[in-house]
Each structure stands twice: as C-alpha cells, then as structure tokens.
1. Can you compute the modelled spin-label distance between A:ALA127 and B:ARG68, with each label point 7 Å from Cα toward Cβ, in nm?
2. Residues of A:332-339, mean number of Cβ from any other protein chain within 10 Å of their own Cβ, rounded to a whole number?
3. Step through the residues of the range B:107-121 one at a time and calculate ³J(HN,Hα) from phi using the Karplus curve (6.51 cos²θ - 1.76 cosθ + 1.60, θ = phi - 60°), rounding each to whole Hz and writing x for Gly and Pro.
4. Mean 1/r over all different Cα pairs, inverted: what Kirkwood radius does the protein assembly as shown give, in Å?
5. Please work out the C-alpha center-to-center distance from the range A:21-53 to the range B:217-292 and express it in whole Å.
6. Whose amide H sits under 5 Å from the amide H of B:ALA50, counting only residues 5 or more places off or on another chain, with H placed in the peptide plane?
7. Could you pull out every one of the aspartates and glutamates with an alpha carbon less than 12 Å from that of B:LYS348, ignoring same-chain neighbours closer than 8 positions?
8. About its Cα centre, what dipole magnitude does the range A:124-183 give when the only charges are +1 on Lys and Arg Cβ and -1 on Asp and Glu Cβ, stated in debye to the nearest 20?
Protein chains: 2
Amino acid sequence: MTFPLAPGAMIGILGGGQLGRMLSLAAARLGFDVTILTPEANAPAGRVSARTLQADYEDPAALDEMARTCAVVTFEFENVPAAAVAHLMKKGVAVAPAAQALAVSQDRLEEKRFANAAGIATVAFSAVDTVADLNAALARMGAPLLLKTRRGGYDGKGQVWVRRPEDAAAAFAEIGERPAIAEAPADFRRELAIIAARGRSGEIALYPLTESHHENGILRRTTAPARGADKALPEAERMAVSLLTALDYVGVMGIELFERDDGKLLLNEFAPRVHNTGHWTLDGCEVDQFEQHIRAVCGWPLGPTRASRGVEMINLLGEEVRAWPRYAAEPETRVWLYGKSEARPGRKMGHVNRMMRPES
Amino acid sequence: MTFPLAPGAMIGILGGGQLGRMLSLAAARLGFDVTILTPEANAPAGRVSARTLQADYEDPAALDEMARTCAVVTFEFENVPAAAVAHLMKKGVAVAPAAQALAVSQDRLEEKRFANAAGIATVAFSAVDTVADLNAALARMGAPLLLKTRRGGYDGKGQVWVRRPEDAAAAFAEIGERPAIAEAPADFRRELAIIAARGRSGEIALYPLTESHHENGILRRTTAPARGADKALPEAERMAVSLLTALDYVGVMGIELFERDDGKLLLNEFAPRVHNTGHWTLDGCEVDQFEQHIRAVCGWPLGPTRASRGVEMINLLGEEVRAWPRYAAEPETRVWLYGKSEARPGRKMGHVNRMMRPES
C-alpha cells in the first residue's frame, strides 16, 4: 500500500456503532468509500457506508473480502479479536492502529505496565489471578481497592470495589473469578481527557485538554477546553506524546487522566480509537477527531487541532434522546444522533455540542 | 405526515450526485436515514446512504417504493421530471420544495415572469418560439442578446450570444430551434449569490451575501461573505424573502444575482435546492446549507446562518482534483471530495474551503 492513500480507495472499519458512523461520514468528506464489518443487522455505521459485511469479526470469508477490497482497515472499538487483526495482516492489509496498541489496551494490567515502562504514572496496582493474590494486594496496598477484569467490560461494567479485606472472595466471585487487576483509589479531584493523533510519518497533533464528567461509569458531559488546566497541560501532553511514541501509534487515541488534589496527573486508561471525550471536536475544531483519524490511517498530513470555540458536549443516554426537539431549537446547539432505534437505559443515542459564548 | 419529523425517519432524495451526497451526510448527523433515487450506478450519494434505488426518475415501481418508505422526499437538481413529483404527491408523500418552485425554475421564461410579478428586477427579456420572435426581440431590445433554451441546460450549456441581427437564424438553429428566451445583457460588474432557507412554519433564514467567480459558465470560486456589499445586502435580502414567500417555499434555495455598475441588483436565476455557491457554509457556518435544507424539509426549526469566519470556496474541476495532496497539507484548508472516479474536463470533482484569517 502506498501512502498517502488517494481518494476513491476503500477504508475498512471493524465495528458498526456511532464511532464507525462518524468515521464513515468523515471518510466520505475526503472522497473515500467505507466498508463496515459488524455482526449487527442495520448497524448505525452501515447505513452511511458504501458496503456492510454482516458477519462475526473472526469470520474468515468476511475478513478475506475486506482484505481483497480495502486499502486500509481500522476499528471503532478496542475489543476487536486479535485473531481478526492477525488474519487481515497475514493477507497483507495495512491495519491501523497496529496490533500492539490493541493488545496493550485490551488488557488493563498490560496497559498500566506499559504506561509505567514508558514513564507515565498510574495508580498503584497489582495482578490478581486468585483470591490469594487479591488478599496479598489488600495487605500491601490496603483497602479499598478497585477490582477489574483484565479484559472486556466498558462504561463501568466488569469492576467492583473491594471495601474490606473480608470481601475479597465475594468480589473475586462477582467478576467471575477472571484474571484481574486490583487498583488503588486514584483520589482524583477531577477527570481530564486528551485526544491525541499520530500520523504515519510520526508527526503528532494534540487537541486541547478537556474535563470529563462521568456518572455510574458513563461519560455524561465534556467541557472543552478544560478550565484552569494550564498547569496540567504540559504533563498531559508529555504523557500523550510518550504513549503514542512508545506504541509507534498511527491514528487517534483517547487518553483519560486523573487529576489529583496536588495537581499530579495519572493515566486512567487509553482507547486506541476515536473517543466519546472527543465528540466536542465535531463542532469545536476545524478538523474533528474523526477526520483526523481518517487522515492518520490514510497517511495524510494531520490537520489543525486548535479549539475554535469552547464547547460543552452532553451525551444523550437512553430516553434522553427524546429531548431532540428542544436541542434542535437552540441556536447555539448542534445535534448529533446515531440512528439507533431502541433507546435502552444508558445506551448512547446521540450527543449535543453546545457552543459557549467567547466571553464565558 | 407529522412535522417536525422525528429522527429515524427515511428521507428520499431524487438525484445521486455530490449535492445529494452532502445532503445525505447532513441527514445522518441528525439521525435520519436516506434513500437515493438515481439512474446512475455507483452514484456518489448512494455510497453514503442507507438505500439506493437505481432506476429512472419516472420509474413507477421505484417511485412507489419511495412513497411507501420515505416520510418526505426532496431533490438535488431542478430538472426532476414534473411527472415524478406528481406521482409521489398522488401517493400522499410530502415533497419539498413543492411542485410550483420546480415548475417555475425549470422554465427560464416562467422564472423571470414570476420574479417580475413578485417585484424582483431581472434583465429585459422576450419569449422566442420562432426566428421571427427573435428578430422582433432584436428590433425591440437591440443586439447583443443572450438566447437560451427555456428548459434544460446548466453550467453555460444550451445558450448562445446573438451579436448581430443577421445571426438570428443561425443562433436559433444552434440551440435546436427549441422554445427559448432572449435576454438583454446584464452589464454587471460582478455576480453575487445568496443562500436562503424557509421552514415549514414560514420562518426565513438568510446566509450572508457572497461573490461568485464564474469561468465559461461554471462557478470557480466563491468569496464569502462578499466584500463591499453592505449597500447591496438589504435589496438582496428583500429579493430573497419575496421569492421564498411568493413560492410558499420550503427548503434551501440558491439565488444568483447580478450587481450592476450603478449598484442595482438583478435576479439572474434561482435554483430550488442546495447550491454550489453555498458550499462555503460547510466550514464557514455552524449550520451549513445541507443541514439547513434537511431541517427545513423535515419541519425542524432553522439553524443559525451567521458566518463564523470568512471562506474562499474553490471548485476542483476535472483533473484539478489531483491537487488534493497540496490542499490536504494546508492547515487553513478543508477538503471536500465527491467520490467520482472519472475526472472528465469541467466535471465538479470536489471543492476546498480556505479559511480566511480574521484580519483579512
């Protein structure tokens, strides 16, 4: 494959949700076609793409067809089976981000080990494969600890607080006695996030630091740029650059950080893909995170990342999407809906970007 | 049909070119699905839409299927067969803009008569059905005159200058002896354009006045907003409001104007659709003309039309699209490519929006 990839080429995306949908819209602006691979019928991304292969992610025929027709393949979620990526790579397809970033991000223990090795601070943590491991972690780090499965789970699923040593066995049972990581509390005063991009020639572009507001493990709001973050910015940027460089990363990455009372930053986690904390860029930046990702994986030069205005991004979860008429009537609000028919509780149905007045 | 139309509904678009493509991208942002009807295989708009019906515009089965599945139908070009719209309306589909706007805009003679009746100035003109009519027009208005077929033709096709009375017969032959209109020269110093929108409740939103730069009848560049147009603005806005109101219009309309040396404005023509002179809004306004059109035809409130920055829009014609790497590398330039494979001379392959610095 020769980069930069010329318009007219087909880009493959593993995953058919809203991130794939917004990636596909960005690819279309730049003249690319998109093929979506998803097991889901009538997927949000498929309905705005040239082609949808409805199959399991490890389906050999679907992967072969993708390899035959796509110049580059990327993904919209980090739990893509490693076997699928290996299959594509064996067929000579350029997959970006590459397998190492996926492997590291799929395993919460490997993720923290990798970060620490790259000089990036995290909470204290310990591997937990047995109740005895968990007891040892409690003895060393004290309670409470946050017990998380090493793999799977998102939006707060697959994790449980261990508040007292005597709860260890029950907590380990609750996460299915799967390989896990026990984390010390972050004791953060707020959560920050930074969307980072790295191109095929190694150039890096960082969006402004933002503030995340979670409820029940799900992002509710992003304030962009984060206020009062001048001190945190250089360290956040250093962490992002270290992470992208250590992974020889290509594409957009969402990086979530804890800011502690003493101002110290810790890496919470990173996602090797476009990220909900970057949805504000759709209306706050000239080149949004989706176009930036397409540019990166296609070997195009990265675009500008400056915030042209302040934005408050608000997720519409479940039935909240029914408020669309109110948001549509607000002159300062841009509406993004994902084309999902069933508004299950907590499901991300859309988001709105509220432009802040320059003086605010 | 109940308006405002709820997200999840299917919008039908007649036509599969770049305007349909950008309408479809805008519809997707708002959570709508799109069905494209086009006779063309692998049409630019079809590749970003949920469904494509590849058939002639008057194909009864395709129109019936559109009527059965689409909550509202709109179009991306003004030469939609009247029979197709009549067929859809008979089946109870909401078609917007409505049949009258199409009928008036399809006939250059009717267009000018309608404009004059609505108090909007145009060049002097005369109906030409025979060479005798053309000779009479030359006797009354003098030479030169611009002879245009009443129907069909775009981007400068289907028209010829009659520079001397003795050329009348040859000129009429050149346009195929079809029903025509003879127009006096506009003697303009520049061409202006205004993108106007009217919603289902009658509210009107006007984008800033822009300056158009044509070559060989094809738009090359738009400067937005137009410079030194403070005096022209009120009259341009009055003309736009008169036209939209007289047509009881729903949707976005592209209105092209002549500005004469004495500052007087004349209507050149209008297109009952999104328009090339409005492509700058994609990067210069919070709500672009494509989203505005979707909002209007779906009965949503109209969005803001203020220019958030100045933009120079440059069309990429034919082989010019090969300059995409240069434009992609300019931080201040946004690239829009239409997914057309064959770069025929003069064919609109894409455009770029160059952001102007605030001080320029």
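Laboratory data are not the source of any read-out in this text; all were calculated from the coordinates shown. These numbers come from a predicted model, not from an experiment. In this analysis, Cβ positions are derived from the backbone assuming ideal geometry, glycine residues included, and neighbour counts consider all displayed protein chains.
1. Placing both labels 7 Å along Cα→Cβ, they lie 6.0 nm apart.
2. On the way: counts 2, 2, 6, 9, 4, 8, 4, 10.
If you average over the peptide's residues, the count of other-chain Cβ atoms is 6.
3. With coefficients 6.51, -1.76 and 1.60, one gets 10, 4, 6, 4, 4, 6, 4, 5, 4, 4, 5, 8, x, 10, 6 Hz.
4. Details: mean 1/r = 0.0364 Å⁻¹.
One decimal place: 27.5 Å for the Kirkwood radius.
5. 33 Å
6. Under 5 Å from the amide H of B:ALA50 lie the amide H atoms of B:VAL34, each far enough along the sequence or on another chain.
7. Partners within reach: B:ASP155, B:GLU319, B:GLU320.
8. Details: 8 positive and 8 negative charges, 30 e Å.
Charge dipole, the range A:124-183, about its Cα centre: 140 debye, nearest 20.
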